[in-house]
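Notes to accompany the following structure.
Read the figures in this text as sums done on the coordinates, not as results from a lab. Keep in mind it's a predicted model, so treat the numbers as computed, not measured. Here the Cβ positions follow ideal geometry from the backbone for every residue, glycine too, while neighbour counts run over all protein chains shown.
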Amino acid sequence: MPPMSFDLLSRVAGAPISWGVCEVPGWGLQLPVDRVFSEAAALGLTAMEQGALGWLPSDPAEQRAIFDRHGMELIGGFVPLVLHDPSRLDEMRAEAARIADAMVAAGGRYFVTAVIADTDDWSRPALDTGAWLALFRGLDEIGRVVADHGALQVVHPHVNTLIETAAEFDRFIDGCSAPVCFDTGHLAIGGADIVALARRYHERIGLVHLKDVDASVAQRQRSGELTLMEGVQLGLFPPLGDGMVPIAEVIEILVGAAYSGWYVIEQDQAIADHPAAGAGPVLGVARSIEYLRGVERQLSAGPGPTPAGS
């Protein structure tokens with residue numbers, strides 16, 4: 001690829017889960033909103049996702065005020081929905097409309113859908129052909145609903161959801177027209193060749209979640225020895241450049257394909273105690289940003305060695 005000059009970091013956003021903010025019971029401590037936003041802004045980030053439901057105020061005006069106070073913009077949020085069961089489609093449609101309306105009012109755009117078996121149980125039942133067809137119809141319908149409210153649906157392949165494995169991702173791509181939230185970590189854990197997927201499906205990518213993976217912890221999680229939360233607590237998602245995922249190569253492919261959307265640093269963390277000022281998850285996010293600066297320099301200069309983690 002010829003040398004190119006561009007500002008990658010201007011399109012890099014943060015995610016509260018990189019600071020351990022997650023709604024899963026027992027996940028860990030949720031740091032205060034102002035601490036997370038202040039640390040993110042100090043690192044130079046200018047945009048964030050919403051994070052766990054209930055962490056930010058529910059009122060869109062109050063959310064927007066928080067983002068404005070820290071010089072940030074909201075890009076969107078993660079929304080789990082049950083779509084393989086046709087009897088629940090009206091319920092999910094109404095829920096999607098409500099969330100999209102509030103998200104857009106707060107300044108967001110990306111409605112990040114994760115397809116789950118049940119809102120109280122993220123198990124993975126085997127789906128028959130009818131259930132898969134219902135899921136795909138549901139995704140297309142949710143896409144239309146959120147578009148009516150000014151949002152863009154992007155579907156997130158994710159561990160413990162109904163689109164987790166490489167085969168399920170391929171089936172999703174073939175089964176409906178919804179754009180993808182291309183999560184480098186979850187796709188890698190699911191066994192996908194993310195470089196090949198980026199080359200083949202770049203036109204379907206609406207949002208990118210940048211996540212690296214510790215290979216040894218991932219193997220234990222895939223084998224069933226560890227739950228996802230236990231894996232996260234053991235460092236499943238290290239800073240970018242410290243794991244097995246070819247992040248730089250994926251970004252190079254997307255830049256070459258003229259992808260112009262956001263890249264979100266999303267390295268899930270779980271913490272037990274309030275870290276001292278300047279310590280804790282912010283250090284991992286800072287390492288990821290330094291890695292991305294190296295990627296930016298590499299791509300601006302032309303072909304060269306993949307940047308190492310800082």
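Annotations
- Dimensions of region 120-184 from C-alpha coordinates, computed as largest minus smallest value along each principal axis and given longest first, are 33, 29, 28 Å.
- Note that region 105-111 has calculated 3J(HN,Hα) couplings of 5, 7, x, x, 9, 8, 9 Hz, one per residue in order, obtained from phi through the Karplus relation 6.51 cos²θ - 1.76 cosθ + 1.60 (θ = phi - 60°); glycine and proline are x.
- In Hz, Karplus ³J(HN,Hα) per residue of region 186-192 (6.51, -1.76, 1.60; θ = phi - 60°; x = Gly, Pro): 5, 5, 5, 4, x, x, 7
- Region 1-130 shape via C-alpha gyration tensor axes, a/c threshold 1.5: prolate
- Orientation-averaged projected area, Cα convex hull of region 158-252 (nm²): 5.8
- Computed from phi, the 3J(HN,Hα) profile of region 23-28 under the Karplus parametrisation 6.51, -1.76, 1.60 (θ = phi - 60°) reads 7, 5, x, x, 5, x Hz, with x in place of Gly and Pro.
- Mean Cβ count within 10 Å, highest first, over the residues of peptides 50-63, 211-224: 211-224, 50-63
- P(r) histogram, all alpha-carbon pairs of region 172-310 included - 5 Å bins from 0, percent: 2, 10, 18, 21, 20, 15, 10, 4, 1, 0
- Euclidean distance between Cα centres, region 195-235 to region 153-178, Å: 14
- Highest mean packing comes first when the peptides 99-111, 161-173 are listed by Cβ atoms within 10 Å, giving 99-111, 161-173.
- Per residue, the chain reaches -12500 deg cm²/dmol at 222 nm when only DSSP H runs of four or more residues are counted, each adding -39500 (n - 2.57).
- Shape call, the chain: gyration tensor on alpha carbons, a/c limit 1.5: rounded
- For Val208, residues with placed amide H under 5 Å, excluding near neighbours: Phe182, Trp262, Val264
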